[in-house]
Structures are given as structure tokens and as C-alpha cells.
Amino acid sequence: MLACLPVGAAIKAAPYRQHRYFPPCFTWTETRLSMSVALRAQLLLFLISLSSRMGLTRYIEDSDAADGIYSLLSFAQKRESEDFIFRRPLRCLDMLATEGYFTFVASRPQLACAAFVIAEPNEVISLELSDVNIDCSAGDFIKIFDGWVLKGEKFPSSHDHPLPPHERYTDYCSSMAPGLSSRSSQNVAMIFFRIHSPDSGFTLAVKKMHNPMPCNIMSQSPEGSFTMVIPHQRTNCSFSVIYPVEIRLTELSLGEAKSNEIRPLRQMWSGCSGSGDYVELLGGNGVDTSKMIPVADLCFSPSGLAQMKIGCDNSVVRLVSSGNYINRVSFQYRLLDQNELPKTRENSLEDFCRME
């Protein structure tokens with residue numbers, strides 16, 4: 001593991017450990033970047049794999065699977081004019097990154113469907129159902145989830161989300177309301193549905209709203225920049241990039257005390273985690289931050305840049321705050337080239353995810 005940091009910065013390898021998470025907040029400074037082809041393909045292949053394990057692939061014909069793949073790979077996020085309402089059919093396996101109305105009509109039994117929705121880092125997502133025509137008594141269902149579920153893991157983590165797991169699901173069949181709506185807590189959400197009868201379906205309206213305090217961000221791109229700020233709140237802020245990347249910290253301000261408040265001595269800290277205010281870099285091959293490996297932590301404000309390469313499928317910058325101070329971290333991230341990925345050594349925890 002190689003880390004490059006200036007004098008005055010304290011960054012140390014951290015052993016695997018579990019953390020308690022609290023509802024976080026952020027300030028966004030990243031330029032908007034389009035959803036990557038790799039992430040869309042990864043999500044689609046995961047859903048197809050899930051259907052296969054559940055014995056449901058007989059309901060996914062080759063023509064539909066190919067149509068879904070080509071659609072996702074060719075998808076480009078669109079910014080429509082205010083007087084134009086975007087509409088298109090919703091597929092059994094889909095990725096949505098634009099506002100509009102998406103209508104699903106079953107042509108045959110569809111038993112394992114899901115649509116992932118993503119917005120910009122400073123936005124939250126409103127999902128609303130209308131024209132619902134399903135038979136809940138026959139086993140049909142439509143459920144909206146506050147976040148994403150990928151490879152059996154939830155993002156944000158159950159430890160990191162302000163709601164308990166059962167409250168993150170909005171179930172149409174339980175409410176039976178003519179229209180059902182849900183608003184996400186972060187820039188990602190998803191909808192699961194199962195429909196048995198042909199010609200049954202629904203319409204999903206996707207709207208995006210500005211979020212002045214964004215949190216638990218899933219990046220749409222492997223390259224960009226971001227600034228996280230926690231103002232006097234006991235919270236954790238995480239920024240997740242589903243790529244192996246190099247992370248460069250460009251600004252770090254920790255432990256800015258309130259007026260007339262005595263600042264704790266750094267000499268008394270038991271490592272960065274003992275300070276209560278620090279930045280942690282995580283790596284892993286899933287999306288649940290509570291199950292990822294802490295790669296390093298940083299608890300002293302650097303006078304220059306600090307950087308690290310993380311060769312994992314998912315790389316996370318996590319800002320932890322005790323609530324006593326205003327904490328801030330700015331960073332840049334870029335996709336690692338193939339020749340920059342370190343070689344793996346088997347049976348070594350330190351080389352988990354090919355970390356360098």
C-alpha cells in the first residue's frame with residue numbers, strides 16, 4: 001500500500017473494524033458527469049445473474065435482454081426543456097437517470113424486475129406511481145426502496161441511513177392507495193416489481209429536487225471532485241465511487257472548535273479513530289460501507305496534497321464528525337489505468353481488493 005502525503009498530515013493503515021454510523025450531510029462542488037457505461041453494465045449483469053439464481057430467466061427472452069443491454073450501454077443522460085415531458089416504456093431491468101414518465105406493461109409474467117434511479121450528487125429523487133393495474137392477491141407487488149440494493153448489500157448501509165431498514169421500503173400492496181409516492185434520502189433510489197398477468201402494469205414518475213445538504217452520494221463517474229462539510233453535527237458523510245480510483249485530498253479542516261470551547265489535545269488521541277473527527281478511506285467489492293475495509297485514516301490537516309490509490313471495485317471517502325466542530329474535506333478522484341492496478345497476492349488481508 002503506497003500513500004503520498006505532506007508533512008503535517010497523519011495517515012495510517014487501519015485494521016478492519018466495524019463503525020457506528022449516523023445520518024450525515026454534505027456540500028456538493030462536483031461538476032455534473034454522465035453515468036458510466038461500466039456501472040450500467042454491472043448493474044444489468046447483476047440483475048440477470050440474480051434472476052438466474054432464482055430460476056426466473058425463463059421469463060427473460062433473448063430479445064429483451066439484448067434490448068436492455070443496448071439501451072443501457074447507449075444511454076446518455078438528457079436535460080429536457082421545461083415545457084417538454086420525457087416519456088418512454090419502462091423495462092423489466094432498467095436504469096433511469098433523467099426525469100420523466102416511464103410506463104411498464106407486462107407482455108408475459110415478469111417475476112424479478114428492478115429499476116435503478118440515480119440523480120446528481122446535490123439532488124434527491126421523488127418517485128410516484130399512477131395508473132397501477134396489478135393483482136396483489138395473486139402475488140404481484142411494487143416496492144420502492146430508499147437507496148440501492150446490489151449484490152445483496154444496501155447502499156447506504158443500514159448503519160449509515162437515518163431510517164431503519166423496514167422503513168426504507170414503500171409497498172404499494174400494503175398501502176393500496178390510488179397513487180403512491182416516495183422521496184429518497186440521497187441521490188439514488190430503486191423500484192422492485194413482480195407482475196404475473198399480461199397487460200398489467202403501472203406508470204412511474206421520476207422527479208428530481210435540489211438537496212441543500214446532500215448525503216451518502218453514489219458517484220455517476222470515476223472522475224471528479226467533491227467537498228464534504230459537517231457543521232456541528234454528530235454524523236458520518238460518505239462519498240462512494242464504484243471504480244478503482246486514485247483519491248487526492250486537496251483540503252482538510254478538522255476540529256474547528258465553537259467559540260469558548262476548549263479544543264482536545266491531539267496527543268491524547270488513540271489513533272485517528274480516537275479523535276472523533278477524522279477522514280477514513282475505505283475499499284471493498286460491495287456497496288455497504290460498514291462491510292468495507294478501512295484502508296487508511298487521516299486526522300491532521302495537511303499543508304499540501306495527500307493521495308492514495310485504491311484498487312477496489314468500490315472506493316469511499318468517509319468523513320467522521322463528533323459534532324463538536326465544523327469539519328471539511330475536499331478531494332479529487334480519477335480512474336486508475338489498467339497498468340496502475342497492483343497485482344494480487346492470495347491469502348493476504350492487506351492485499352484485499354488489490355490495494356496499493
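Scanning region 122-174 for residues that are over 22 Å from GLU99 (Cβ atoms), aliphatic (A, V, I, L, M), surrounded by 14 or more Cβ atoms within 10 Å (Cβ to Cβ) and more than 13 Å from the chain's Cα centre (by Cα) yields a total of 2. In this structure, does GLN267 turn out to be in contact with a Ser or Thr (Cβ under 9 Å, 6 or more places away or on another chain) and modelled with pLDDT under 85? No, not satisfied.
Might you let me know whether region 100-120 holds any residue that is in contact (Cβ under 8 Å) with a residue 60 or more places away in the chain, within 18 Å of ASN211 (Cβ to Cβ) and either over 28 Å from the mean Cα position of the chain (by Cα) or open to solvent by 30 Å² or more (accessible area, probe 1.4 Å) (or both)? No, every residue in region 100-120 fails to be in contact (Cβ under 8 Å) with a residue 60 or more places away in the chain, within 18 Å of ASN211 (Cβ to Cβ) and either over 28 Å from the mean Cα position of the chain (by Cα) or open to solvent by 30 Å² or more (accessible area, probe 1.4 Å) (or both). Within region 312-335, if we keep just the residues that are open to solvent by less than 10 Å² (accessible area, probe 1.4 Å) and hydrophobic (A, V, I, L, M, F, W, C), the residue that is nearest to GLN220 (Cα to Cα) turns out to be VAL316.
Count of region 226-264 residues, restricted to those that are modelled with pLDDT of 90 or more and not assigned by the TED database to the domain that holds LYS291, is 0. Scanning region 175-198 for residues that are open to solvent by 60 Å² or more (accessible area, probe 1.4 Å), within 23 Å of HIS210 (Cβ to Cβ) and modelled with pLDDT under 95 yields a single hit, SER181. Taking region 116-137 as the range and being hydrophobic (A, V, I, L, M, F, W, C) and closer than 13 Å to GLY201 by Cβ as the test, the residues that pass are LEU129, VAL132, ILE134. Within region 226-239, the only residue that satisfies the criterion of being under 22 Å from ASP288 (Cα atoms), surrounded by fewer than 21 Cβ atoms within 10 Å (Cβ to Cβ) and not β-branched (Val, Ile, Thr) is ARG234.
The values are calculated or read from the model by the stated rules, or taken from the named source; none is laboratory data. Since the structure is predicted, the reported quantities are computational estimates derived from the model, not experimental observations. Don't worry about glycine lacking a Cβ; one is built from the backbone with ideal geometry, like all the others, and counts go over all protein chains shown. The accessibility values were calculated without ligands, DNA or RNA, using every heavy atom of the protein model including side chains. Shrake-Rupley method; radii C 1.70, N 1.55, O 1.52, S 1.80 Å.
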